[in-house]
Amino acid sequence: MKVLKKIKDIFQIHVPAVCVLILFLSMFSQVVLRYVFRHPSPEAFEISSYSFVWSVLLGAALANRYKNHIKFDIIYNKFPRKAQIVTDVFFDVFFSSLLIISLKPVVSQALWYKIIRSEVLGIPWTYLALCLPIAMVLMIIDNVRFIFLNLRELFFREPYKMEERPWR
């Protein structure tokens, strides 16, 4: 379990952090090259595009890990705790089912993209597209964990404590 947590930490915390740093540096270099030296860099633009996609999708997986996605909880907060748990389990099962069903076509599409290369750097698009199945697998793992914890709370009255966020 600790190995899985370390792998998840790498893909949900460290890789997106590196991608955001690369995004910042490439955007900064684009501005400097374009407006100071009057020589725009298509390489920096491509790097910033790749790093943006990776940071957004892996950031979505991180938000799912800590249940920080936006939700309309006006009615949800008025439910009794058991109804909240049943609602959480239903939506986690539904969302995980959709992710599992779509995982195989997404992976095959991502692997198909190896024949297409980026315009400037010549990087296969597979490297861009692989972030989606990685994010999907991370979300499935977290949703299965939440389903288990919610069912345990529902049947054995053992409330679970959310995992501590690394930035607090």
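No value in this document is a laboratory result; all are computed from the given coordinates. Nothing here was measured: the structure is a model prediction, and the numbers come from that model. Using ideal geometry, Cβ is built from the backbone for each residue, glycine included, and neighbour counts are taken over all protein chains shown.
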**Study point:** Listed residue pairs exceeding 28 Å between alpha carbons, taken from K6/K161; K82/K104; K71/K114; K8/K114; K104/K161; K78/K104
**Key:** K82/K104; K71/K114; K104/K161; K78/K104
Review point. Among V3, S48, V32, which residue has its Cα positioned farthest towards the positive end of the charge dipole of the stretch 2-156, with +1 placed on the Cβ of Lys and Arg, -1 on the Cβ of Asp and Glu, and the dipole taken about the Cα centre?
Key: V3
Check your understanding: Does anyone have the angle between helix 42-65 and the longest principal axis of the chain? Alpha-carbon axes, 0 to 90°, nearest 10?
Key -> 10 degrees
Exercise for review: Please work out how much length the chain gains when fully extended from I75 to K6, using 0.36 nm per residue of separation minus the C-alpha to C-alpha distance, in nm with one decimal.
Suggested key: 21.2 nm
Review point. Mean separation of Cα pairs under 8 Å and 6+ residues apart, divided by the residue count of the chain: what relative contact order is that in percent?
Key: 23 percent
**Study point:** Sorted by Cβ density within 10 Å, fewest first, the residues M27, M136, M162
**Key:** M162, M27, M136
Study note, to complete from the structure: In degrees rounded to 10, the 0-90 angle between helix 131-156 Cα long axis and the longest Cα principal axis of the chain is 10 degrees
Point to revise | the chain, helix-only ellipticity at 222 nm - DSSP H runs n ≥ 4, -39,500 (n - 2.57), divided by all residues, nearest 500 | key: -22500 deg cm²/dmol
